[in-house]
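Here's the structure, in structure tokens; my notes come after.
The values are calculated or read from the model by the stated rules, or taken from the named source; none is laboratory data. None of these values were measured; they are calculated from a predicted model. Reconstructed Cβ throughout: ideal geometry from the backbone, glycine too, with neighbour counts over all protein chains shown.
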Amino acid sequence: DAGVIQSPRHEVTEMGQEVTLRCKPISGHDYLFWYRQTMMRGLELLIYFNNNVPIDDSGMPEDRFSAKMPNASFSTLKIQPSEPRDSAVYFCASSNRGITQYFGPGTRLTVL
Amino acid sequence: QQPVQSPQAVILREGEDAVINCSSSKALYSVHWYRQKHGEAPVFLMILLKGGEQKGHDKISASFNEKKQQSSLYLTASQLSYSGTYFCGTEFSNSGYALNFGKGTSLLVTP
């Protein structure tokens, strides 16, 4: 059974460029979470969805960040325009009824 | 509202025990424990719901003191495979399932 799939695994971009991170949750899971991990701030919840509907986006740092979940098997996190301080590892996680969260391998984003 | 973990780091010899604490300033509904190895994703260990229960998983167990708003993770007879960063994630209510993670405790087990 495939776990959470994220792409790309690594992304290097220049300041001002648009970045799109992708996530495919585990089939049958109804919750999807986006996290950002940095040394300074640890693991931060950015936004989460239940049945494709955004429930809480209070963790999204700025309007430059947006997330969508057009269907149960796909979600995107977009940063436009990107800044060097956005450099981090971005994790997507999914769960069944929100209990145990299964994390994807993460996308390491570097903004130059 | 980020929970506070202590210690920040610990080094053990194989076979020794360790305790990792997680404290919250706000009343908790549940505490989730995860372990993350370097360069990998966090992996779920266990969940504790309010009620002061204690859970065990092989030689790793945890307790949850609702009144003190804290949880402790106990690692006994540590193995090399226990090395990694341990995170507690706290949930404040029985809805939404949003977790606030602590900054983590780095554990290194040496031979």
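Some observations on this one:
- Sole exception among (1) without any contact (Cβ under 8 Å) to a residue 60 or more places away in the chain; (2) within 10 Å of chain B (Cβ to nearest Cβ); (3) over 20 Å from residue B:100 (Cα atoms); (4) among the basic types (Lys, Arg) for residue A:64, by number: (2)
- Of the residues in the range B:47-55, none is more than 14 Å from chain A (Cβ to nearest Cβ), over 12 Å from the mean Cα position of the chain (by Cα) and crowded, with 18+ Cβ neighbours inside 10 Å.
- Given (1) touching a Leu at 6+ places or on another chain (Cβ under 9 Å); (2) more than 9 Å from chain B (Cβ to nearest Cβ), index of the condition residue A:80 fails: (1)
- Residue match in the range B:83-90 (condition: without any contact (Cβ under 8 Å) to a residue 24 or more places away in the chain and either on the phi > 0 side of the Ramachandran plot or touching a strand residue (DSSP E or B) at 6+ places or on another chain (Cβ under 9 Å) (or both)): no
- In the range B:67-111, the residues that are over 14 Å from the mean Cα position of the chain (by Cα), more than 11 Å from chain A (Cβ to nearest Cβ) and of a type outside the set (A, V, I, L, M): B:67, B:68, B:78, B:79, B:81, B:92, B:93, B:110, B:111
- Odd one out for residue A:20, checked against (1) part of a loop (DSSP other than H, G, I, E, B); (2) surrounded by fewer than 21 Cβ atoms within 10 Å (Cβ to Cβ); (3) among the polar types (S, T, N, Q); (4) away from chain B (no Cβ under 14 Å): (1)
- Set side by side, the residues B:10, B:31 differ, and just one is more than 12 Å from chain A (Cβ to nearest Cβ), under 9 Å from the mean Cα position of the chain (by Cα) and at negative phi, which is B:31.
- Strands (runs of 3 or more DSSP E) contained entirely in the range A:29-112, each with at least 1 residues that are acidic (Asp, Glu) and surrounded by fewer than 20 Cβ atoms within 10 Å (Cβ to Cβ): A:42-50, A:53-56
- One residue stands out in the range A:83-109 among those that are within 18 Å of residue A:49 (Cα to Cα) and among the aliphatic types (A, V, I, L, M): the one that is farthest from the other protein chains (Cβ to nearest Cβ), namely A:93.
- The listed residue being at pLDDT 90 or above, crowded, with 22+ Cβ neighbours inside 10 Å and part of a strand (DSSP E or B), out of B:19, B:109, B:31: B:31
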